[in-house]
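*Asks:* Below: one structure in structure tokens.
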Amino acid sequence: ASPNIIKDVCLPLELINTVDYQTEVVDENRLMIGHNRWATKGAVTKENAHPFEADHICLTHNGTLYSTYSLPTKKKFETDSETITNAIRESGIDKTWKKLDGAAVLVWWDGKRQALNIISNEKRPFHWAWTEDESTFIWASEAWMIRGAASRRGIKLKDDQIWFPPKNSLYTFTFK
């Protein structure tokens, strides 16, 4: 399935309160990826907001690359994140990951494989948790964000644990 992408240059609450979000996202989806961008490369525009999509790859990136010239993609883009997205689409994660020069936590949906993927080089924070009933997987940059959001909603975390991916370990969660 192709993702519904709703992005803009605004605060998260403003985006959540849009008609598009309320009608297309909340009722239809079982997997939701959100990203607040602190622009380091490229102009602050809707087009440069996350997530980025290239065919079957829909990606968010936390971090900043020093250079994108070594990435295995035919075309260069205004942002390092969009370049990464296209490199994964064209050459796969193995070739792309080996060529990354800088900080990167990547979370992406692979529509061909129906899989959520996560990888980190530990140069930016990233944490995740499962709800107590294992029905929901939650992630954020900081552990306190997960605990705060879960607490506000009365959600218990499985074994009260929050995890972080070891350096350069790819996690893939497939969906039916």
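*Asks:* Give the residues of the range 63-88 that are among the acidic types (Asp, Glu) and not in a helix (DSSP H, G or I), sorted by residue number.
*Replies:* Glu78
*Asks:* When the range 138-159 is examined, which residues are found to be of a type in the set (Ser, Thr, Tyr) and at pLDDT below 90?
*Replies:* Scanning the range 138-159 gives a single hit, Ser141.
*Asks:* Residues Gly111, Gly148, Gly102: which one is open to solvent by less than 70 Å² (accessible area, probe 1.4 Å) and without any contact (Cβ under 8 Å) to a residue 24 or more places away in the chain?
*Replies:* Going through Gly111, Gly148, Gly102 in turn, just one is open to solvent by less than 70 Å² (accessible area, probe 1.4 Å) and without any contact (Cβ under 8 Å) to a residue 24 or more places away in the chain: Gly148.
*Asks:* Mind listing just one residue for me: the one in the range 151-166 that is under 26 Å from Gly111 (Cα atoms) and either of a type outside the set (A, V, I, L, M, F, W, C) or touching a Ser or Thr at 6+ places or on another chain (Cβ under 6 Å) (or both) and, of those, least open to solvent (accessible area, probe 1.4 Å)?
*Replies:* Pro165
*Asks:* Here's a check for you: in the range 148-163, which residue that is among the hydrophobic types (A, V, I, L, M, F, W, C) and out of contact with any helix residue (DSSP H, G or I) (no Cβ under 7 Å at 6 or more places or on another chain) is nearest to Ile119 (Cα to Cα)?
*Replies:* Among those that are among the hydrophobic types (A, V, I, L, M, F, W, C) and out of contact with any helix residue (DSSP H, G or I) (no Cβ under 7 Å at 6 or more places or on another chain), it is Trp163.
*Asks:* Another question, then. Only one of Ser135, Ser169, Ser91 is open to solvent by 20 Å² or more (accessible area, probe 1.4 Å), modelled with pLDDT of 90 or more and assigned to a loop (DSSP other than H, G, I, E, B). Can you tell me which?
*Replies:* Ser169
*Asks:* Moving to a separate point now. Checking Trp144 against (1) among the aromatic types (Phe, Trp, Tyr); (2) in a helix (DSSP H, G or I); (3) in contact with a strand residue (DSSP E or B) (Cβ under 8 Å, 6 or more places away or on another chain); (4) more than 18 Å from Leu65 (Cβ to Cβ): exactly one of these is not met. Which one?
*Replies:* Exception for Trp144: condition (3).
*Asks:* Could you list, in sequence order, all residues of the range 147-166 that are in a helix (DSSP H, G or I) and among the small types (Gly, Ala, Ser)?
*Replies:* Hits for the range 147-166 are Gly148, Ala149, Ala150, Ser151.
*Asks:* Could you check, for the range 44-53, whether at least one of its residues is open to solvent by 60 Å² or more (accessible area, probe 1.4 Å), more than 23 Å from Ser141 (Cα to Cα) and at pLDDT 85 or above?
*Replies:* No, that holds for no residue.
The values are calculated or read from the model by the stated rules, or taken from the named source; none is laboratory data. Quick caveat: nothing in here was measured; it's all calculated off a predicted structure. Cβ: placed from backbone, ideal geometry, glycine included. Neighbour counts: every protein chain shown. Only protein heavy atoms, including side chains, enter the accessible area calculation; ligands, DNA and RNA are left aside. Shrake-Rupley method; radii C 1.70, N 1.55, O 1.52, S 1.80 Å.
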